[in-house]
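Student: Just passing along the structure, written as C-alpha cells.
Laboratory data are not the source of any read-out in this text; all were calculated from the coordinates shown. From a predicted model like this one, the values you see are computed outputs, not experimental measurements. Positions of Cβ are backbone-derived with ideal geometry, glycine not excepted, and every protein chain shown enters the neighbour counts.
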Amino acid sequence: MRRLIIIIAAVFLATVLIPAVLYLRCGKYEKPVPEKEDTISVYIKAEDRVCEMSKSQYLKEVVSAEMPASFEKEALKAQAVAARSYLEARRDAYKVSGTPDVHKGAEICTDSTHCKAWIAESERRSLWGADADKNWEKISQAVDETADEILSYDGEVISAVFHSTSSGKTESSKDVWGGERPYLVSVDSPGDKVSPKFKSSKEISLEEFKKIARENIDGVDFSKELVGETLRSDAGGILTVSVGGVKIKGTKLRSIYGLRSTNVAINIQNDMVSFDVTGYGHGVGMSQYGANYLASEGKSYDEILKTYYTGVEIAKTGM
Ligand SMILES: [Zn+2]
C-alpha cells in the first residue's frame, strides 16, 4: 500500500506538479515552430534565475524589446535575423570558452548591456494595451518568416550587433571596441537624420563636470586644461579625448557622463558644460532607425542587412 502511494505521488510529481511549476516559473511555453531548433537557456537577470524557453519565443521577446512594433515589417525581419545571428554567435563562442559567470550557466542573458534586451511576452502585451494582439502578431511574423535565417561571413555566423541611431554613418567595431571585424565597418546610414533620437543634449555645471571627472579618471588636473585634444573616427565618434590633462577613450566619456553616444561636441561657457550628442548607442552594425527608413523606402530585410553588415550572406542555422 505504502509503495503504491509513493508510485502515485511520483507520477503526480512528474506529470502534473513539475510541468505546472515550470509553466509558472517560465511563462508561456510555445513549441518551436517553425524555428527548427528546440530550446535555449536564458538567464533572466531581473529575476535572477535561468529559464529554458523555445528559441522562437525568446527571439520574439527580444525583437519586441529592441524595436517598436510600429516599425516597418522588413525592418522587424532584419532585426529578427540580426538577433538570431547574435544569439548563435554567442552560443558558438561559449561552446569553446564556456558561459560567463554572470550567465549562471545559461547560453544568453537578458541584460541589454551584456547580451540583448528582452521582455516577457506577458509584460510586453500589458505595455501595449489595446494593440497587444496586433503587435504581437506582427513581431511573430517577422521571426517566423525568417525562421532559422542567420548572417554569415566566411562561412561563420556573425556577431550581428545593432544600435538605435547612428550619426548618419555607422562606426566600425575597430574604432569602438578595438577588434577588427570586416563585416562591422563604417557605412552610410542617411535615414538616421530623421530619427527622433538623432540629436540630444545634456547640460551640467562646470563643478559637476570636474567632480565626475575626478571620481572616474585617475590623475586629472584642471589647472592645466578642462578639455583638450580630441581624436575622432571617420563617423565622428570620439576615439580619445583629453580631460584635465588625461587621455581617455570616447566610450569612457560616454559612460561617466551618461551620454547617448560617443559622437559628442563639448562646449564650455561660463560655469556650464553642454554636451551636444548625435545618435544613440554604440553606433556599430545595424542602425534600427536607419533600417526602418530603408524599409520605408521599399528595401527588403536582406537588402537592409547587407547594407549594414558588409560582405555577409544569409544562411540557415545548422547548414
Ligand atoms: Zn549575457
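Student: Quick check on segment 159-167. Is at least one of its residues over 23 Å from Val62 (Cα atoms) and surrounded by fewer than 23 Cβ atoms within 10 Å (Cβ to Cβ)?
Tutor: No.
Student: May I ask you to say which residue of Leu87, Leu76 is under 12 Å from the mean Cα position of the chain (by Cα), in contact (Cβ under 8 Å) with a residue 24 or more places away in the chain, part of a helix (DSSP H, G or I) and over 17 Å from Ser122 (Cα atoms)?
Tutor: Matching residue, one of Leu87, Leu76: Leu87.
Student: While we're here: Every residue in segment 84-103 that is surrounded by 15 or more Cβ atoms within 10 Å (Cβ to Cβ) and more than 8 Å from the ligand (Cβ to nearest atom), please.
Tutor: Scanning segment 84-103 gives Arg84, Ser85, Tyr86, Leu87, Glu88, Ala89, Arg91, Tyr94, Thr99.
Student: Could you give every pair whose Cβ atoms fall below 6 Å, whose first residue belongs to segment 97-118 and is under 17 Å from Ser159 (Cα atoms), and whose second residue is outside any loop (DSSP other than H, G, I, E, B) and aromatic (Phe, Trp, Tyr), counting only separations of at least 6 or pairs across chains?
Tutor: Note: pairs meeting the criteria are Cys109/Tyr43.
Student: Something else about it: Filter segment 175-198 for residues that are crowded, with 16+ Cβ neighbours inside 10 Å and not polar (S, T, N, Q) and give the result.
Tutor: Result: Asp175, Val176, Arg181, Tyr183, Leu184, Val185, Val187, Gly191, Asp192, Lys193, Lys197, Phe198.
Student: Ok, one more. Tally up the residues in segment 211-247 that are surrounded by fewer than 19 Cβ atoms within 10 Å (Cβ to Cβ) and not in a loop (DSSP other than H, G, I, E, B), please.
Tutor: 16
Student: Specify the residue that is surrounded by the fewest Cβ atoms within 10 Å (Cβ to Cβ); the eligible residues are those in segment 36-59 that are within 17 Å of Ser112 (Cα to Cα), in contact with a Ser or Thr (Cβ under 6 Å, 6 or more places away or on another chain) and not basic (Lys, Arg).
Tutor: The residue in question is Val50.
Student: When you scan segment 161-196, how many residues do you find that are among the basic types (Lys, Arg) and out of contact with any Lys or Arg (no Cβ under 8 Å at 6 or more places or on another chain)?
Tutor: Counting residues in segment 161-196 that are among the basic types (Lys, Arg) and out of contact with any Lys or Arg (no Cβ under 8 Å at 6 or more places or on another chain) gives 2.
Student: Please determine, by comparing only the residues of segment 109-133 that are closer than 23 Å to His163 by Cα and outside any loop (DSSP other than H, G, I, E, B), which one is nearest to the ligand (Cβ to nearest atom).
Tutor: So, considering only residues that are closer than 23 Å to His163 by Cα and outside any loop (DSSP other than H, G, I, E, B), the one nearest to the ligand (Cβ to nearest atom) is Cys109.
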